Amino acid sequence: MSITPYLPEIYLLLFGFSVFMYAVLDGYDLGVGMLLPSCNQAQRDRMIASIGPFWDANETWLVLAVGLLLIAFPAAHSMILTELYLPTSVMLAGLILRGVSFDFRAKVKPERKDLWDRCFKAGSFIASMTQGYMIGRYVLAFDDSTGAYLFALLSGLCVTAAYIYIGGTWLVMKTEGDLQKRAAKWSRRGGWLAALGVLAISIVNPLVSATVAERWFGFPEILLLAPVPLVCLAIMLLVDRYLRHVPVENDVGYQFPFIGAIILFAMSFFGLAYSFFPDIIPGVMTAKEAASATGTLLIVGYGAMFVLPMIFLYTLFVYRVFSGKATELNYE
């Protein structure tokens, strides 16, 4: 059986997977950036050391996602970038500020290092808030009502809290001692805020979209989907219980909070995908309507079959090489 008729949906899944990988990988290092304490230079150095080998490469998934959107769904790319031009520009400014700060903090005089650490933290907040805001605008199909903009702001806060949550779990996995204990507290607070935000968005979404309400609360769908929120709640409670007891003797299970956070991110993405698939822009445009010509999709598919596995394998390799606790960051 030919897969040609299903190419738009396949590309939509690849696009979603790329966005998910970016949200997890760049999400935790944005979270670490937002958590930099103002009162402890040594802890800031160790926190940045924990993301040093990874943070720049994590953004590769964002480049891949934008590339797939541009080539496979040019009509959707045009509409999304037109509607989100300003927040996209602000997000890029935040990411650039992070990159500049990361290098400059190592090259300036010691008394100026605090300034660039604050810039790194500010860039992390800017990028996180704008990403969440854009998701909120996208989910409501760029509606221009006051309520839609308030929903986008709520989404921005929720994503920021989620990044702080996963960033804290990353630090629990990569650090020890007082910093690990502080990271557990930061992560718990971020998790509570993120959970409240997800709950609020889960309530609002079915209220403003009849399609979403039908998909989640129709019968028998409601019975089949009931385990999803229950699993999310169970994982969040288990992670919170572990974080409450950090530091654990012999650091047993130190990877569990981060793995649990990844599962929660995956569940959240599943919820979004289930709510709107196969729309590339919810309620406005399906993947088939926005897709490039079949010939273009086939040609690009050959490249994607090579590039995406290579990026994925490279990511696994880097995280395997630099596994274990963070050591002192060396810029040489």
Subset of the range 66-88, residues open to solvent by 40 Å² or more (accessible area, probe 1.4 Å) and within 18 Å of the chain's Cα centre (by Cα), comes to V66
So T169, is it within 14 Å of M47 (Cβ to Cβ) and in a helix (DSSP H, G or I): yes
Restricting the range 108-145 to residues that are over 30 Å from L272 (Cα atoms) and acidic (D, E), the one farthest from the chain's Cα centre (by Cα) turns out to be E111
When every residue in the range 171-199 that is within 19 Å of the chain's Cα centre (by Cα) and open to solvent by 60 Å² or more (accessible area, probe 1.4 Å) is compared, the one farthest from P257 (Cα to Cα) is L199
Residues of the range 247-269 being open to solvent by less than 50 Å² (accessible area, probe 1.4 Å), touching a Gly at 6+ places or on another chain (Cβ under 9 Å) and either farther than 15 Å from G191 by Cα or not hydrophobic (A, V, I, L, M, F, W, C) (or both), in sequence order, are P257
- Check the range 10-28 and report whether any residue there is open to solvent by 50 Å² or more (accessible area, probe 1.4 Å) and closer than 26 Å to R182 by Cβ. no
Counting only residues in the range 120-150 that are aromatic (F, W, Y) and more than 24 Å from N205 (Cα to Cα), the one surrounded by the most Cβ atoms within 10 Å (Cβ to Cβ) is identified as F120
- Has the range 133-141 got any residue that is more than 28 Å from V284 (Cβ to Cβ), in a helix (DSSP H, G or I) and at pLDDT 90 or above? no
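Residue-by-condition table, conditions (1) outside any helix (DSSP H, G or I); (2) polar (S, T, N, Q); (3) within 21 Å of the chain's Cα centre (by Cα):
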| site | (1), (2), (3) |
| --- | --- |
| I201 | no, no, yes |
| V212 | no, no, no |
| R241 | no, no, no |
| I263 | no, no, yes |
| L272 | no, no, yes |
| S275 | no, yes, yes |
| M305 | no, no, no |
Just one listed residue, out of V90, V19, is over 21 Å from F322 (Cα atoms) and touching a Ser or Thr at 6+ places or on another chain (Cβ under 8 Å), and it is V90
Listed by first then second residue, the pairs whose first member lies in the range 115-134 and is within 17 Å of L157 (Cβ to Cβ), whose partner is open to solvent by 60 Å² or more (accessible area, probe 1.4 Å) and at pLDDT below 95, with beta carbons under 8 Å and at least 6 positions apart or on separate chains, are M129/L157; G132/L157; Y133/L153
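The values are calculated or read from the model by the stated rules, or taken from the named source; none is laboratory data. Remember, it's a predicted structure, so these values are computed and weren't measured experimentally. Quick reminder, even Gly has a Cβ in these numbers, built from the backbone with ideal geometry, and neighbours come from all protein chains shown. These area figures cover heavy atoms from the full protein model, side chains too; ligands, DNA and RNA do not enter into them. Shrake-Rupley method; radii C 1.70, N 1.55, O 1.52, S 1.80 Å.
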